[in-house]
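Novice: Here's a structure for you.
The values are calculated or read from the model by the stated rules, or taken from the named source; none is laboratory data. The model shown is predicted, which means the values in this text are computed figures rather than measured ones. Backbone-built Cβ (ideal geometry, glycine too); neighbour counts: all protein chains shown. The accessibility values were calculated without ligands, DNA or RNA, using every heavy atom of the protein model including side chains. Shrake-Rupley method; radii C 1.70, N 1.55, O 1.52, S 1.80 Å.
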Amino acid sequence: MLSINGCFLSDLPNYSSERVLISSPITAHSFLRLRQPTHVIVCVHGLEGNSNDLRSFRVFLEMAMRETRVDFIMSEVNQSNTFADFNIMTDNFIQELFHHLEAFKIQFDRISFIGHSLGNIIIRCALSRRAFRPLVDRLHTFLSLSGPHLGMLYHTNSIVSTGMWVAQKWKKSESLAQLALRDHSDPRQTFLYRLNQNRGLSFFKNVLLVSSVQDHYVPFHSARIEMCKPAVKDTSDLGMRFCSM
């Protein structure tokens with residue numbers, strides 16, 4: 001070991017923080033944390049997103065849940081094509097999820113999901129799949145960030161509605177067609193209508209729906225799964241089916 005006399009030089013007279021952020025001493029709480037079952041938190045990005053989109057939420061949750069053993073899964077399997085059919089993206093997501101759980105042999109007692117934009121639809125679609133049933137008893141919290149749960153109908157911004165229609169035609173996007181309830185001539189046979197007939201969200205102990213009036217893409221009422229005045233006034237078959245969702 002080298003023994004060199006010297007001192008540290010800094011432009012600041014005081015420490016920036018008295019709290020050690022990188023490492024912490026071994027305490028009784030640390031031992032208890034290591035013995036706790038893992039709480040798995042799965043994050044699913046939105047349209048044309050990637051696995052880094054929700055990384056800030058991961059950082060904040062890790063800081064807030066210091067006494068809890070947490071393992072994050074940042075979904076990335078669909079980031080190359082979020083314009084695909086929701087059924088295809090859901091199959092990819094389920095395969096990715098179970099591969100991670102099995103490959104790392106995670107022993108967990110709770111699993112929660114955080115979704116952004118259409119990532120929420122992928123999560124909800126997964127809840128209805130037979131392959132997902134082994135996880136149902138361990139579902140804990142569902143945090144939805146601006147999720148288009150009722151699709152993109154009755155948008156207050158006509159420019160966005162037109163832009164979504166152009167994007168759907170140009171990209172030949174099946175997911176955007178499904179969000180607009182244009183994937184079938186009969187509204188009762190559309191993907192989103194049938195999805196909303198499932199009771200998937202009732203499996204969670206906590207359901208948090210976050211919306212913003214500043215969100216110019218997902219309608220406020222769709223993110224909150226609530227009725228809107230234009231839908232109530234719409235006497236067409238589509239309007240009545242929308243209200244029944």
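Novice: What is the Cα convex hull volume of segment 187-238 when expressed per residue in Å³? Provide the component values of the computation, followed by the final result.
Specialist: Details: hull volume 5.4 nm³, N = 52.
Spread over its residues, the Cα hull of segment 187-238 gives 104 Å³ apiece.
Novice: With all protein chains present, calculate the accessible area of residue 128 using a 1.4 Å probe and round the result to the nearest 10 Å².
Specialist: About 60 Å², rounded to the nearest 10.
Novice: Restricting to DSSP loop positions (anything but H, G, I, E, B) with no more than 16 other Cβ atoms inside 10 Å of their own Cβ, which chymotrypsin sites (Phe, Trp or Tyr not before Pro) remain in segment 96-163? Before the final figure, lay out each step's value.
Specialist: Details: sites: 98, 104, 108, 113, 132, 142, 154; in loops: 104, 154.
For chymotrypsin sites (Phe, Trp or Tyr not before Pro) across segment 96-163 that sit outside H, G, I, E and B with at most 16 neighbouring Cβ atoms in 10 Å, the list reads 104.
Novice: Just to be sure I understand the model, the point goes 7 Å from the Cα along the line to the Cβ. What's the resulting residue 62 to residue 105 distance in nm?
Specialist: Computed distance between label sites residue 62 and residue 105 equals 2.4 nm.
Novice: Let me ask you something else. To the nearest 10 square angstrom, what accessible area does residue 116 show with a 1.4 Å probe?
Specialist: That residue has around 70 Å² of solvent-accessible surface.
Novice: Please give the Cα centre distance for segment 77-104 versus segment 112-165, rounded to the nearest Å.
Specialist: Distance between centres, Cα-based: 14 Å.
Novice: Considering amide H positions built from the backbone, and no H for Pro or chain starts, which residues 5 or more places from residue 73, or on another chain, come under 5 Å of its amide H?
Specialist: Residues meeting the criterion, in which the H sits 1.01 Å from N, are 41, 42, 43.
Novice: Further, regarding this structure: D for segment 103-233, whole µm²/s, Stokes-Einstein with Kirkwood Rh over alpha-carbon pairs at 4 °C and 1.567 mPa s: what number?
Specialist: 82 µm²/s
Novice: Follow-up question, since we're still on this one. Once Rh for segment 158-245 is found with the Kirkwood sum over Cα pairs, what is the Stokes-Einstein diffusion coefficient at 20 °C and 1.002 mPa s, in µm²/s? Could the numbers behind the result be given before it?
Specialist: Working: Rh = 14.5 Å.
In µm²/s, the coefficient rounds to 148.
Novice: Let me ask another. How are the alpha carbon pair distances in segment 115-171 distributed across 10 Å bins from zero to the largest one, expressed in percent?
Specialist: 19, 39, 26, 15, 2
Novice: State the Kirkwood hydrodynamic radius of segment 63-114 in Å, one decimal place, computed from all pairs of distinct Cα atoms.
Specialist: On the way: mean 1/r = 0.0780 Å⁻¹.
Radius from the Kirkwood sum: 12.8 Å.
Novice: Hey, with R₀ at 45 Å, roughly what FRET efficiency would residue 88 and residue 36 work out to, going by the Cβ-Cβ distance, to 0.05?
Specialist: Values: r = 36 Å, r/R0 = 0.81.
Once the sixth-power term is evaluated, E becomes 0.80.
Novice: Looking at the P(r) of segment 150-196, how many percent of alpha-carbon pairs lie beyond 13 Å? Don't skip to the answer; put the middle values down first.
Specialist: On the way: 579 of 1081 pairs.
Considering segment 150-196, 54 percent of its Cα-Cα pairs are separated by more than 13 Å.
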